[in-house]
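The values are calculated or read from the model by the stated rules, or taken from the named source; none is laboratory data. Treat the numbers as computed from the prediction; the structure is a model and nothing was measured. Here the Cβ is made from the backbone with ideal geometry for all residues, glycine too, and neighbour counts use every protein chain on show. SASA here: full protein model, heavy atoms, side chains in, ligands and nucleic acids out. Shrake-Rupley method; radii C 1.70, N 1.55, O 1.52, S 1.80 Å.
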Amino acid sequence: MNRLRWDVFCRVVDNYGDAGVCWRLARQLAAEHALDVTLWIDRVATLARFQPEVRPDVPSQSVAGVTLRHLADAPTTGVPALPDVVIEGFGCGLPDAYLAAMAQASPPPLWINLEYLSAEPWVDTVHGLASPQPRLPLERFFWFPGFTAHTGGLIREARLLDTRDAFAANLQEQARQPLRVTLFCYPNRALPALFDAWSEGDEPLVCAIPEGVATAALDEWLQGNVPHAGQSFARGRMQLDVLPFATQDAFDRMLWRSDVNFVRGEDSFVRAQWAARAFVWQPYPQDENAHRLKMDAFLDRYATDLDLRSSAALAAFWQAFNDEDGARTAAAWAPFRAAITDLAAHGRRWGERLAALPELTAGLVGFARNRL
Ligand code: TRH
């Protein structure tokens, strides 16, 4: 039986998340749903940061079962063979020739726009809707990731949670000294004060920082001696380990072995929830503070059935850190630290609830199967 062909389109706005989410989706479509998947991406070098076998200079390559193509090489006249399904990553826009070919095809490919993740309630009301295209006889469906059964769910690879539990079982959970922190955040003016609090704290703490993250704060706190990947720096009770960028699977393991995960944007935010450890989220900064609405909406959902003390400690620390207020962040660390065992237990319950929801990629495949 011919495998259905899915083309995923991605334009890297900045950072890694657009590429990270589209790559994770493409990999899973190929690996778990036996689909013929092509990822068209504009900045292949971004992908190569966390998928080392990707070669940015090669026009077409097959990696992890996915055909990887430069978006710049997409056909400009006449698309030879259209796929059955087109996934447009985060409204990135499809090449004109592609749209023209889709409009002439009968039937046209199923066109789905993968939206950004939000916990805001309005997402439940728009997920799965179609919008007719003004200039072309095509309709585009909207797929909204989310945290309820009325959304498109979250990406969760098969056996992810079993793999996580097997990995964690080998950790010396009881002897959790030093406290392990992973710090993957945007530039944040609160960090030097937080580093001070950690180095002057009453317990040893190891903070793993991926290379290129928090460099301005490290530069300020270390008077210009920013460690490079593979280097460590110790002050007081705190040790900083700067790590090279890891693969997405290795990054998961970093999150699984840590007691506290600072994550950002979208994909690492989801991965921290699957890691079921205490975590701090710094949403991608947006105009008019829209990212704070996303944070508050998530906290509303996440903090239900969390005891009041832990819920207050969580919210206070997330708000201080996202306000980039050093003094408040340093002061909010102790109550947050005191809550991390409770937050980890809560994180497991939360993860179990999420795992009971329809999984995003399987949902997309089922949606397509019902329409092709
Ligand atoms: O890098 P980000 O800030 O990406 C952002 C967000 O996705 C945001 O929603 C989007 O609007 C903006 O890009 C344009 O954060 P995010 O989403 O966590 O993506 C990081 C990716 O990098 C994720 O897939 C995990 C991966 N990663 C690794 O694979 N290895 C690593 O060592 C690290 C640190 C990250």
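With r defined as the distance between the Cβ atoms of Thr76 and Glu53 and R0 fixed at 25 Å, what FRET efficiency is calculated, to the nearest 0.05? It comes out at approximately 0.30. Applying a 4.7 Å Cβ-Cβ cutoff to the chain, the cysteines left without a disulfide-compatible partner are Cys92, Cys185, Cys207.
Placing a label point 7 Å from the Cα of Ala229 along the Cα-to-Cβ direction, the residues of region 25-61 whose backbone N falls under 18 Å of that point are 44-57. Only protein atoms count toward the accessible area here, which uses a 1.4 Å probe; on the chain, the carbon and sulfur part of that area reaches 53 percent.
Taken about its Cα centre, the chain carries a charge dipole of about 640 debye when Lys and Arg each add +1 at the Cβ and Asp and Glu each add -1 at the Cβ. Calculation over all alpha carbon pairs of region 46-205 in 10 angstrom steps from 0 returns a P(r) of 8, 21, 26, 25, 13, 7, 1 percent.
Within region 160-355, all pairs of alpha-carbon atoms sorted by distance into 5 Å bins from zero give the percentages 1, 7, 16, 22, 22, 18, 10, 3, 1, 0. Taken over the chain, the ratio of Cα radius of gyration to 2.2 N^0.38 Å equals 1.03. Projected label points at Ala64 and Leu293, each 7 Å from Cα along the beta carbon direction, are separated by 3.3 nanometres.
Per-residue surface analysis assigns Glu203 an accessible area of about 30 Å², computed on protein heavy atoms at 1.4 Å probe radius.
On the beta carbon distance between Leu308 and Glu203, with R0 = 35 Å, the FRET formula returns roughly 0.90.
Take the Cα radius of gyration of region 1-75 and divide it by 2.2 N^0.38 Å, N being the number of residues; the result is 1.02. Summing Lys and Arg as +1 and Asp and Glu as -1 over all other residues whose Cβ lies under 12 Å from the Cβ of Arg237 gives a net charge of -3.
Each residue of region 68-77 was assigned a 3J(HN,Hα) from its phi angle through the Karplus curve 6.51 cos²θ - 1.76 cosθ + 1.60 (θ = phi - 60°); the sequence is 9, 10, 6, 4, 5, 8, 4, x, 9, 9 Hz, with glycine and proline shown as x.
Arg3 contributes about 140 Å² of solvent-accessible surface, heavy atoms of the protein only, 1.4 Å probe. Residues considered: Leu243, Leu314, Leu154. Largest GNM mean-square fluctuation over the chain, using C-alpha springs under 10 Å, is found at Leu243. Full extension of the chain between Ala327 and Thr125 gives 68.7 nm of extra length, using 0.36 nm per residue less the Cα-Cα distance. Per-residue ellipticity at 222 nm, computed for the chain from helices alone with -39500 (n - 2.57) per DSSP H run of at least four residues, works out to -12000 deg cm²/dmol. For region 160-355, the solvent-accessible area of protein heavy atoms averages 43 Å² per residue (probe radius 1.4 Å; ligands and nucleic acids excluded).
With θ taken as phi - 60° and the Karplus curve 6.51 cos²θ - 1.76 cosθ + 1.60 applied, the whole-hertz 3J(HN,Hα) list for region 237-242 is 8, 10, 10, 9, 10, 8 Hz, x standing for glycine and proline.
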